Every structure is written in C-alpha cells, then in structure tokens.
Amino acid sequence: MMGRDLLSAAKKNWPDNIFLKSSEKSLSFKEADLFVSRLAEKLQSFGVTAGERIAFIPGFSIESVLLFFALIRAEAVPVLLNSRSSSRQVNDYLVRSGASVFITAKKGRVDLSEPVCKLCYLEDLFDHLQNAARLHAGSAAANAGLLLLFTSGTAGKPKGVFLDLNSLGLLAERSNKRSGFGENDCWILSLPFFHVGGLGILIRALVSGGAVFLPASNSAETLLSLIKAGAGNYISLVPEMLKRLIVLDHEKTVLKNLKCIMLGGAASDSGLLEQVLKNGLPVVTTYGMTETGSHVTALSLKEKGRHLETAGTPLEGIRIKIVDQEGCELSANQTGRIVVYADTLYYGLLSDDGSVIKRKEDFYKTNDRGSLDPDGYLRVDGRIDRVYISGGENVSCEYIEKMALEAGGIREAALIDVKDSKWGRSGVLFVVPDSASSFNVEHFQSALKAMLASYQYPQRIITIKTLPRTLAGKVDYECLKEQAGL
C-alpha cells in the first residue's frame with residue numbers, strides 16, 4: 001500500500017517529541033509537520049504538480065529534510081542527488097530522471113551553465129515561509145510516496161532506483177525492533193540522506209518517535225565532538241569513519257557513551273573488529289543496499305560483540321538465500337550469490353526512457369558473494385561483478401574505463417581495484433596513449449577529474465604501451481596486477 005504519510009502519523013503519535021535537532025534549533029513532530037505543509041503549499045504555488053520529478057542535493061540541514069517531506073506531501077517524486085557528483089553527472093541525472101525542476105542553493109557548487117531543466121532556488125522557497133498558507137486538506141492522504149535514488153550499477157552507469165515510503169516505514173520498524181531505537185533516543189545523521197543509509201535514519205525516527213540530530217558536517221572531528229556532548233546515542237558509520245573516530249578518541253571513553261554504532265557500507269577488516277572488541281564498543285554490523293531499502297540483516301546489541309565478523313541475521317519478515325550459478329540454493333557455509341527475499345524491496349527501476357519498470361519478483365538477486373552459517377549469520381565475501389566499494393560508495397570499473405576513453409588522448413583503458421588501508425578498496429587505472437610522445441598526463445587527469453565523483457577517481461594512473469589480453473581477446477586483469485606489482 002502506497003501513500004502512507006509517515007510524518008503526519010508521527011505528529012499524531014508524538015506531537016511534542018523533538019524530531020529534528022541541530023546546534024541552532026530544534027523542531028517537534030508537530031512543528032515539522034506544520035512547516036512541511038506550508039512548504040508543500042509554496043511548492044504547489046511555484047507550479048509543482050502531482051507525480052512531477054523534482055531533483056535536489058540534500059545537505060546536512062533541517063531545511064533539506066523539510067524540503068524532502070514537503071515534496072512528498074505535494075505529491076511530487078523527490079530525486080535525491082549525490083553531493084559528490086560532478087556538474088556533468090548532475091546534468092546527466094537530471095536528463096535521465098526526467099526531472100522538470102532542480103532545486104539548488106544560490107551559491108551551490110554545481111555549475112549548470114546550460115541547465116537541462118527549470119532551476120528553483122532553495123532560498124526562495126524558505127523566504128517568508130512563516131506567512132505561507134496551509135496546504136489544502138486531503139493532499140497528504142493522496143501522497144504517492146515515491147522517491148528516486150541513484151546508485152552505481154553493474155552496467156557501468158548509476159542505476160535509478162524507485163523506493164516507496166510505505167516499504168521504507170515497514171523496514172524501519174523492523175530495524176528499530178532489532179536495534180532498540182525508540183522515542184527516547186536520538187540518532188546523529190552522520191550519513192547524507194541521498195544515500196539509503198542516511199534516509200533510513202530519518203524514517204526510523206518517524207516510526208519510533210525518536211529524534212535525529214543534523215550536524216554542521218559529517219567530519220570525524222565534528223561527530224566525535226557531538227558524541228562527547230551527548231547530542232545523540234545512536235550513529236551509523238562506514239568502517240573508515242569508525243577507524244578515524246577510534247583514533248581521535250584518545251581516552252577511549254567517548255564512543256562508549258553511545259548506545260549503538262550501526263556499521264555498514266563496506267566490509268570491516270580484522271584490525272578494526274579487534275579494536276571494536278578491545279574498546280568494548282556497541283557495534284552492530286549490517287548488510288543492505290539501495291534496492292533493499294536499507295539494511296536487511298543486522299546483529300543485535302544483546303550479542304555483545306559476538307559474530308562481529310558477520311553481517312548478522314535477517315530482520316523480521318526477511319529471508320536470505322545463497323545460490324549457485326544455476327540458482328540452486330546452497331547449504332550452510334557454502335559460498336554463492338546472495339539473494340534477498342522481502343516485502344520491502346525497491347518499487348521499480350528507472351528505464352532508459354525515464355519510465356518506471358516495476359519490480360515483479362518478491363526477491364532481489366544481489367551482485368554480492370557470501371554464505372550463511374548454520375545459525376543463519378550472513379558472511380559477505382565480496383562482489384560478483386566488476387564493482388568495488390570505496391569508502392561506502394559503489395564504483396564501477398567499466399564506467400571509469402568508459403569515462404577515461406572520453407577524456408581523450410588514449411585508445412585503451414583498464415581499471416583494477418586494490419586494497420586501500422583508508423577506503424577499503426581503490427582503483428588503479430592503466431591507459432594506453434594514442435601517442436606516447438604527445439600524451440599530456442596532467443591534461444588527461446584534469447579532464448577525468450571533471451567527469452567523475454571524487455570517490456570514483458583512481459588512486460593511481462599508469463601509462464603502458466599495450467594492455468595484456470587472454471587468448472580470447474579479453475583484457476587480462478590478473479596480468480595487469482602482476483605487471484604493476486600489485
């Protein structure tokens with residue numbers, strides 16, 4: 001069932017509970033609901049209509065959260081874009097999504113010198129908002145409840161995934177049941193909500209009556225300071241950020257003040273897990289992705305550090321299978337493709353023509369390899385396709401290779417991923433210049449940087465005369481690793 005207005009329900013259940021907090025202000029569910037209605041009315045007065053796709057880049061601000069829920073209440077489809085995207089990528093997302101409006105700050109860093117859709121400035125929407133009229137009755141109930149996120153796909157370009165709030169709400173309730181998050185708790189929004197990990201935090205607060213603290217930034221220093229000040233008792237982190245926080249926590253006492261550290265986005269190395277156990281940190285490992293609406297497995301705080309090498313067990317109502325190449329289910333401790341069965345999976349995918357391809361199956365075949373132990377704990381062993389995770393972001397090798405060729409000056413490109421002590425994995429790009437004597441490395445690097453997000457840019461670029469190939473004519477990536485001594 002779609003059309004569930006989670007904020008309206010939260011206002012009825014916990015009207016005076018604080019929903020959104022920052023260092024400057026706070027809003028109760030009742031106050032946030034009022035602002036959202038006023039902002040939705042203003043969006044409609046600007047010409048936003050039901051079903052229209054409206055794009056924006058969410059920031060760590062109360063205003064961004066209010067805008068998101070106002071778009072939902074105005075029956076529009078929010079298109080949430082990654083703040084780390086290049087201007088070229090933003091334009092591409094706007095075209096592919098069919099967004100008719102892009103809401104941006106007047107001093108935004110994205111340069112849209114040739115905008116592909118109508119621009120609307122965030123400042124204009126919030127200007128004199130207190131005097132805006134209330135949204136007409138009944139509009140919230142008619143809310144379609146869809147939103148669109150982009151995530152890296154195996155085909156080499158980001159995949160558009162439609163999610164619906166009803167499913168997100170149900171999954172959030174199941175997550176809260178496992179983690180214990182409730183109306184007396186506060187979750188620090190350490191992940192941007194253009195990622196499903198950050199979005200899930202907002203939804204968990206709506207279905208529990210809990211609060212969300214929005215930091216000025218998500219730097220390690222800022223987060224540690226907030227934890228020390230007691231700004232929140234729950235936080236979601238990727239392994240690299242947890243490593244930084246452990247180093248900064250000189251007394252090894254600040255992180256212990258948290259009730260729960262939800263860890264996901266990438267595999268955790270044994271060294272980090274040893275630090276977690278040594279310092280007695282309340283870490284809960286998880287597994288999930290955009291297509292599953294956030295995490296679908298998790299440990300429980302009751303396990304007190306046991307099974308940290310796993311991603312926990314499936315949440316209520318969710319089933320995990322491990323299958324072989326033919327799709328046959330494997331036994332315990334056998335490694336194969338991870339398949340998720342759930343009633344909270346993505347609503348549909350964005351087609352090439354901008355329409356919605358609705359999901360037909362009750363399962364999702366991931367591109368991850370893993371196994372289940374006899375007790376049902378999931379171990380994730382890596383990717384099946386040529387996609388690696390760097391700092392919690394999916395990076396497609398094929399996409400980087402394609403962009404390298406478009407950058408010019410080369411005739412071949414091949415990317416391999418290697419271990420990175422900071423980000424988990426990073427890329428090494430091999431290029432074959434059109435002309436070794438005239439190839440301008442700095443010009444090539446500059447062109448490539450303009451085409452990629454920061455997390456996609458290779459750690460190293462190596463120039464070679466020719467790419468090694470197999471007898472079948474395919475690039476021999478293992479040989480490349482040997483040649484580079486990797």
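Read-outs: derived from the displayed coordinates by stated rules, not from any lab. Keep in mind that this is a model prediction, so the values were computed, not measured. Neighbour counts run over all protein chains shown; Cβ positions are idealised from the backbone, glycine included.
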Exercise. Take the Cβ-Cβ distance between Lys278 and Asp381 as r, set R0 to 22 Å, and report the resulting FRET efficiency rounded to the nearest 0.05.
Key: 0.30
Self-check item: Scaled radius of gyration (Cα, divided by 2.2 N^0.38 Å) that the chain gives
Solution: 0.99
Quiz item: Where the centre of each part is set by its Cα atoms, how far does segment 356-384 sit from segment 195-215, in angstrom?
Solution: 25 Å
Exercise. Output ³J(HN,Hα) for segment 292-307: one whole-Hz value per residue in order, computed from phi by the Karplus curve 6.51 cos²θ - 1.76 cosθ + 1.60 with θ = phi - 60°, and x for Gly and Pro.
Key: 9, x, 2, 6, 10, 10, 6, 7, 10, 4, 5, 7, 6, x, 6, 6
Quiz prompt | Additional length obtainable on full extension of the chain from Glu326 to Glu398, 0.36 nm per residue less Cα span | solution = 23.4 nm
Quiz item: Rounded to two decimals, what ratio of Rg to Rh does segment 206-247 give with C-alpha atoms and a Kirkwood Rh?
Solution: 0.99
Quiz prompt | Nonlocal amide H pairs with Arg53, under 5 Å, H built at 1.01 Å | solution = Val77, Ser100
Practice problem: Subtracting the Cα-Cα distance from 0.36 nm times the residue separation, let me have the gained length for Val418 to Asn440 in nm, one decimal. | Solution: 5.4 nm
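Cα convex hull of segment 387-483: how many Å³ per residue?
Working: hull volume 9.5 nm³, N = 97.
That works out to 98 Å³ per residue.
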Quiz item: Looking at segment 11-94, what % of the alpha carbon pairs are farther apart than 18 Å?
Solution: 50 percent
Quiz item: With charges set only on the Cβ (+1 for Lys and Arg, -1 for Asp and Glu), what does the dipole of the chain come to about its Cα centre, in debye to the nearest 20?
Solution: 520 debye
Quiz item: Using a Förster distance of 25 Å, how high is the FRET efficiency between Lys259 and Ser26, based on the Cβ-Cβ distance and rounded to 0.05?
Solution: 0.80
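Taking DSSP loops as anything outside H, G, I, E and B, show the longest stretch in the chain free of trypsin sites (Lys or Arg not before Pro) there with at most 12 other beta carbons within 10 Å. Can you show the working numbers first?
Details: sites that count: Lys25, Lys106, Lys107, Arg109, Arg134, Lys304, Arg306, Lys360, Lys422, Lys465, Lys474.
In the chain, the maximal stretch lacking such sites is 135-303.
Taking 35 Å as R0, compute the FRET efficiency from the Cβ-Cβ separation of Phe363 and Glu406 and round it to 0.05.
Values: r = 36 Å, r/R0 = 1.03.
The value I calculate is 0.45.
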Exercise. Tell me what the chain gives for mean residue ellipticity at 222 nm when only DSSP H runs of n ≥ 4 count, each as -39,500 (n - 2.57), the sum divided by the residue total, rounded to 500 deg cm²/dmol.
Key: -8500 deg cm²/dmol
